[in-house]
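Okay, structure first, notes after.
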Amino acid sequence: MATVIARPKLPPFELPEPSSFDSADPMGVRLGTPFRIPLLSRMGMSTQTGAIWLGTWGALSVLFFLAGLGVFAFAALAQMQGNAFLVFKYFANIQIAPPDGLGMAPSLQQGGFWQINLTFWALSVLFWAARCYERLVRYQWRPFLLFAWLSAILLTATIWVFRPLAMGSWSEAPSLGLNADLDWAQNFSVLWGNLYYNPWHMLAIFFLFGSTMLWGMHGATILATAAEGSHQEDAEIKDMHSGSHKSMLFWRWTMGFNANPKTIHDWLYWFAVGTVLSSALGIILTGTVVKDWYVWGVDHGWVQQYGPMTREAINGAPQTAPVGIGRVASPQVPSGQGGQ
Amino acid sequence: MRKLFAPLLVAATFVAVSSIAPLFSPAKAAGTPPQGAPSMGSPSVNPAADGVELDEHALQIYKGQYGPVDQSKPLDFSDQPKSVPRNYVGGKLYNVQVLKNYTYVQLLGQMAYYASSLGVQCTYCHNVNNFAYDTATKRIARTMQIMSNGVQQAWVDPAKRDYPNYAVTGAVGCVTCHRGNPHMAVRWNVVPVQYLNSTNKSTRQAGYVVNSMYSASRSLGVNCLFCHNSADFVSLQYYPTNKIAHRMWAMVDEINHKYLPANIKAVTCYTCHQGAKWPSALVKAGLDQTPVQAVAAHPEYQDNPGAHLASGADH
Amino acid sequence: MLSFESVYRKRGGTFLADILGDDPLDFWVGRFYVGLFGAISVGAAAFGILVIILSIALIGDGDLVRVTISAPLRQYGLGFAPFMQGGNWELIIMFATVAFVAWALREVEICRKLDMGYHVPIMFSFAISAFVVLEIVRPLLMGCWCEGFDLGFTGHLTWVSNTGFRYANFYLNPFHAFGVLGFFLTAMVLAMHGSAILGTYNTNADPNKETANVDNFWRDYIGYSIGELGIHVLGFWLAIYTLIMSDLCILTSGTVVKDWVDFWHFQIPWFH
């Protein structure tokens, strides 16, 4: 993809102005000095890889993250009898499991590591949120980014903390580990009647795929009109030029509707945040309010009934949908099995 | 950096090719992960942590502490049954406890069957100086014979009755599990059937069940859809295959608990099925339908028009 | 029309105009541009919707969420099935594909009119590729139309679920994992970009100063700021990456790999 604007002459490094926020922070230092990665300019990206701000909150966040990582490494080594090569070989299969019940784990091996590790990482993530807030205040941004980060934390907390609390056992949460997390997602869906029929799961997928679609649309639109400066979005919001005109008209003529340089970012933002918020809702309702999403779906008429059910009364409602509704008279096969 | 390009490319190609090459090699070793790491077919969940007694021995080959019989060991009659003669004269039957009412010729034939099914010689169970002498392997063999009869009566015959179209002739025999090896192939353990049937599982306990399902599906060479419609694993358990599997699971449980010695709970789905839907030792000769068609023709299947499965095509 | 629109509404430059000299379909209906491909797209969509309505009426299930138009049975292979045994599905797929491709070509025409780059139709083509791979390419590779997903709100979800379990554990499909990574990264980067703009627009009279502020925030926060053009480059390519991975994940299932749990049981020589 050719660059649509002339390659810019590289200006000197941009540095933030001094601020009372920065100097008041006891750990207020920027780590390292900025440097350039020239390759990035070929892709239209900024080459300055600037110094990162440490800050008290950042330092705490990194500290706790590393502590948790250390606990994970220690527990993994313990599981492999101290053999570091085996840790590497079986890395995907290593799993640090949570304890049963809601109290403290009976021992380190039986859930203690999991609890310690997650406590460190929970604190780390909350400290990062504090860092986010502090930087937003320093640069005088509206707190959209903070709300997005807190929503992501909400989803993670729902999976790892709130739902196990509601269900009465830490063992409802995933174990720590690659395959362990994937298996948790699989087992969770299998046990609770197939999460595809969970309406908030459907919403979350709608927002997730919609996010990718919107990113494709917005990214493509800006790149297509970047020659006219549509990527300078703040300037375009103040006063639209031909780039924004063309972007808006393209979509208006294509689908009859268009956003403007400001409202498109509303769409982007709320789709992204909607993903995590819907997911959180879908998770917290599973196993607590709804015990079998397929049965729930059949009872509410969402889903075809694919055969007699052995746990029809699971949600207290009698079976309502007769077999074969939504199907033609002659035998058809259940979808996804390729027919017979 | 540019000077390194060619050697790096060569190295990368070498790494790529040698990583892929084993895919084409005929031998695929099982590979036993170390203790504490999860077993095959169960990518990560460790059920032992939950107090479920899954068979740790299942991943170890049961090494004989029992046969073959040491022929040079002096005979000690202190705890032998009374029917065992001190001086054995060939051609007569003594110490026959399970295979009663067999003639001499029939018994020899049965012995030959044992030997060929297990891939052993007579010396595996017998002291050739005194064939009637009781040995540890003989005692195990008696248990095995009782088990074989019991499984046939309690599990296989009823299945033949209930599913006549696709059920099998032939009986459960030594070869069904042993397949020419005194040590059974032990592979892919499963949870006890009570564990399957209990409600109110936690998500982690569901994981043990799912792992068992992987084990079962691999043992039969099928995928999940052979018994399930994934729309709901929990409540949709109506396929004939699903019901048969329930029975088979209970059978495996009974074999493990009732017949095998306490330190060997090693029978799993794989023991008999060895990767086939129908154990080769039991397939009816001249069956005019493929097994999948026979299942599909079953009257119970017709109520569930969506129950036709193409899983056979995938494995 | 929008206040500035009349300047941009110009006839000419379309596909038919190149062939015939004058394009009779080069006009707008309200705010919608028609063009040859608009006509084809709407026409195909209309026929497809007609088939859908007819099928739903014949199936007799009034619940639009639950009703499902199933793919044909395996016995019909790659041929034509009877209308209510999958023929309707085949027709809908054909009309839908034509409609989607025509829509993309219409977008190309609009880009030419507005003198824009073709990025949007290119992106849309990747999205179409997902549909085509699922409903046409993979069934062709597998040898029957039965392999396509059923059409229906909850019906297609059951298909997805069953297809996943057909290959044991679809989470272990590496392309699926890369695709999921792409989707989640996209969502995260989207939230970051959205909050950057929504957090900073119109707060400073001097436009140049504003951009520097955004860059400095990101450099402080995560150590790097990709720039106002770069973020759109990133989003564009992330979306394409995600779609490519999705295509690959379903193309390899059932053709090359039949069991994703078993897939990982390969041996690396010097490792074992």
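Before moving on, here are some points about what is shown:
- Relative contact order for the range A:199-290: 44 percent, from Cα pairs under 8 Å spaced at least 6 residues apart, divided by residue count.
- For the range C:1-166, the share of alpha carbon pairs falling in successive 10 Å distance bins from zero is 10, 30, 29, 19, 11, 1 percent.
- Spatial offset of the range A:195-239 relative to the range C:163-203 amounts to 12 Å, using the alpha carbon center of each.
- When only alpha carbons are used to place a centre, the range A:141-187 and the range C:35-105 end up 40 Å from one another.
- Note, ³J(HN,Hα) from phi for the range A:159-172, Karplus 6.51, -1.76, 1.60, rounded to Hz, x at Gly and Pro: 5, 8, 10, 5, 5, x, 4, 5, 8, x, 7, 5, 5, 6
- Among the listed pairs A:LYS246/C:LYS10; B:LYS243/C:LYS258; B:LYS100/B:LYS138; B:LYS73/B:LYS100, those beyond 18 Å (Cα-Cα): B:LYS243/C:LYS258; B:LYS73/B:LYS100
- Using just its DSSP H runs of length 4 or more, each adding -39500 (n - 2.57), chain A gives a mean residue ellipticity at 222 nm of -16500 deg cm²/dmol after division by all residues.
- Residues whose amide H falls under 5 Å from that of C:PHE32, counting only those 5 or more places apart or on a different chain, are absent, with hydrogens built in the peptide plane.
- In this structure, the amide hydrogen of A:ILE52, modeled 1.01 Å from its nitrogen in the peptide plane, lies closer than 5 angstrom to those of A:LEU31, counting only residues at least 5 positions away or on a different chain.
- For the range B:113-118, 3J(HN,Hα) per residue [Karplus equation, 6.51 cos²θ - 1.76 cosθ + 1.60, θ = phi - 60°, Hz, x = Gly/Pro]: 5, 4, 4, 6, 5, 9
- Comparing A:HIS245, A:ALA92, A:THR119 along the charge dipole axis of chain A, the residue lying farthest to the positive side is A:HIS245, per the Cβ-charge model.
- ³J(HN,Hα), Karplus 6.51/-1.76/1.60, whole Hz, each residue of the range B:73-84, x for Gly, Pro: 5, x, 6, 10, 8, 5, 10, 7, x, 4, 6, 7
- Nearby aspartates and glutamates by direct alpha-carbon distance to A:LYS89 (threshold 20 angstrom, same-chain neighbours under 8 apart not counted): A:ASP181, A:ASP183, C:ASP262
- Distances between placed amide hydrogens fall under 5 Å for C:ILE69 paired with C:LEU151, C:GLY152, all partners being 5 or more residues away or on another chain.
- Overall, the anisotropy analysis places chain A in the oblate class: the square-rooted eigenvalues a ≥ b ≥ c of its C-alpha gyration tensor yield a/c not less than 1.5, with a/b not exceeding b/c.
- With at most 14 other Cβ atoms within 10 Å, longest stretch of chain C clear of loop trypsin sites (Lys or Arg not before Pro) (DSSP): C:12-272
Since every read-out is calculated from the coordinates, none of them should be taken as a lab result. Every value quoted in this text rests on a predicted model; they were computed, and no experiment measured them. Counting neighbours? That spans all protein chains shown, and the Cβs are built from the backbone with ideal geometry, glycine included.
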